[in-house]
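The values are calculated or read from the model by the stated rules, or taken from the named source; none is laboratory data. Every value quoted in this text rests on a predicted model; they were computed, and no experiment measured them. Heads up, the Cβs are rebuilt from the backbone with ideal geometry, glycines too, and the neighbour counts pull from every protein chain shown. For accessibility, only protein heavy atoms count, side chains too; no ligands or nucleic acids. Shrake-Rupley method; radii C 1.70, N 1.55, O 1.52, S 1.80 Å.
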Amino acid sequence: LRECPHYGEDGVLLEIFERIDPGKTPLCIEFGESRVLGTTTRAFRIRHAPQAIYFTGDYNLRSFILNCIDIFKVSFVEKNLKYLKFFLNMPFKFFVTEENIIQILNKKISKSTRINILTVDIDSYDYYLIRKLLANKFMPDIFIVEYNPSFGLDLKVTYPNKLTTNFKNKRMYGASYQLLQELFNQYDYKLCFVSGFCNLFFVHNKYAHQFSAINIEDEITDTDEKIINYIQKYCQNGFIPSWFQDPKLDGSDIKQLDQF
């Protein structure tokens, strides 16, 4: 499927929910998403028409119009008016922090509500939001988180938990694989898919037996050669990560990160 820049992801999600029954009332929650049909989760939304809750730091009139067009387009292409329900699930602008994330989610759903997919992609202090969600028992079937391959496999580091941080190098974002892997291990999740230089898919252990183990050393795109190879194989024509042309990180960059 080619619905999103890393288009292997939407096909992977369809396969995952062939193995895991999403239930009668599917639910997606996304932090950092401004498209009503999503990117990574687009194919899942089109197939299962889930309820969705989107948090975005930037949402304007242009985004609203594009979302309206998207909804009408998919309704026409699929010849099904059920997709009009997405007008009730529009993204909303909300600046999420570790301090307010649980309060705002509790207003939207109860902790007993089953969440099929929860994604966090805000390109900064994602780790702290993820940790807060897991500690407060927001535990979806599939948790999708962005990782930063520029941090390598051995470091346990993350973007600082500060609102005022502003790095010039675009490679300074998110959290390292090792730090995220350690966190999810604590909460009974298993890594089931790696999307090149982008996302880690963690499946809850109650479903983990249905998926093969992942060798991160085979999957991580931590060199230019691996990145280019991944782009050529799996990404839409012309897609380049926004950080690809920025300098490689050195010791002085790493010292500015939060280290564990």
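Structure data summary
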read-out	value
Where THR39 falls short, out of the listed (1) free of Cβ contacts under 8 Å to residues at least 40 places away in the same chain; (2) open to solvent by 40 Å² or more (accessible area, probe 1.4 Å); (3) out of contact with any His (no Cβ under 9 Å at 6 or more places or on another chain)	(3)
Residues satisfying the stated conditions in the range 205-234, i.e. closer than 22 Å to PHE143 by Cα and either hydroxyl-bearing (Ser, Thr, Tyr) or not in a loop (DSSP other than H, G, I, E, B) (or both)	TYR207, ALA208, HIS209, GLN210, SER212, ILE216, GLU217, ASP218, GLU219, THR221, TYR234
Residue within the range 151-162 that is under 22 Å from MET139 (Cβ atoms) and acidic (Asp, Glu) present	no
Criterion: in a loop (DSSP other than H, G, I, E, B) and in contact (Cβ under 8 Å) with a residue 40 or more places away in the chain - qualifying residue of PHE197, PHE193, PHE202	PHE197
Unmet requirement for ILE227, which otherwise passes all of (1) more than 18 Å from the chain's Cα centre (by Cα); (2) within 25 Å of ALA135 (Cα to Cα)	(2)
Yes/no for LYS137 being farther than 23 Å from ALA175 by Cβ and either open to solvent by 60 Å² or more (accessible area, probe 1.4 Å) or under 21 Å from the mean Cα position of the chain (by Cα) (or both)	no
Among residues of the range 171-220, those that are among the charged types (D, E, K, R) and at pLDDT below 95, counted	3
Cross-chain or 6+ apart pairs with Cβ under 6 Å, the range 231-250 first and in contact (Cβ under 8 Å) with a residue 60 or more places away in the chain, then in a loop (DSSP other than H, G, I, E, B) and open to solvent by less than 80 Å² (accessible area, probe 1.4 Å)	CYS235/PRO5; GLN236/PRO5; PHE239/PRO5; TRP243/ARG171; ASP246/ASN169; ASP246/ARG171; LEU249/ARG171
Segments classed as helices (runs of 4 or more DSSP H), wholly inside the range 49-163, with at least 3 members that are of a type in the set (Val, Ile, Thr) and modelled with pLDDT of 95 or more	none
Hits in the range 87-134 (condition: hydroxyl-bearing (Ser, Thr, Tyr) and buried (at least 22 other Cβ atoms within 10 Å of the Cβ))	THR119, SER124, TYR125, TYR127
Residue in the range 62-81 that is surrounded by 13 or more Cβ atoms within 10 Å (Cβ to Cβ), closer than 19 Å to ASP126 by Cβ and either out of contact with any Phe, Trp or Tyr (no Cβ under 9 Å at 6 or more places or on another chain) or of a type in the set (A, V, I, L, M) (or both) present	no
Residues located in the range 188-208, provided they are of a type outside the set (Val, Ile, Thr), touching a Lys or Arg at 6+ places or on another chain (Cβ under 9 Å) and over 27 Å from LYS248 (Cα atoms)	ASP188, PHE202, HIS204, ASN205, TYR207, ALA208
The range 140-149, residues that are surrounded by fewer than 24 Cβ atoms within 10 Å (Cβ to Cβ) and in contact with a Leu (Cβ under 6 Å, 6 or more places away or on another chain)	PRO140, VAL145
Residues of the range 110-126 classified as under 18 Å from GLU33 (Cα atoms) and out of contact with any Cys (no Cβ under 7 Å at 6 or more places or on another chain), total	10
Residues of the range 179-218 classified as over 20 Å from ARG19 (Cβ atoms) and either open to solvent by 60 Å² or more (accessible area, probe 1.4 Å) or of a type in the set (D, E, K, R) (or both), total	6
Some residue of the range 13-24 being surrounded by fewer than 20 Cβ atoms within 10 Å (Cβ to Cβ) and of a type in the set (A, V, I, L, M)	yes
Any hit, the range 159-171, residues being touching a strand residue (DSSP E or B) at 6+ places or on another chain (Cβ under 6 Å), open to solvent by 10 Å² or more (accessible area, probe 1.4 Å) and charged (D, E, K, R)	no
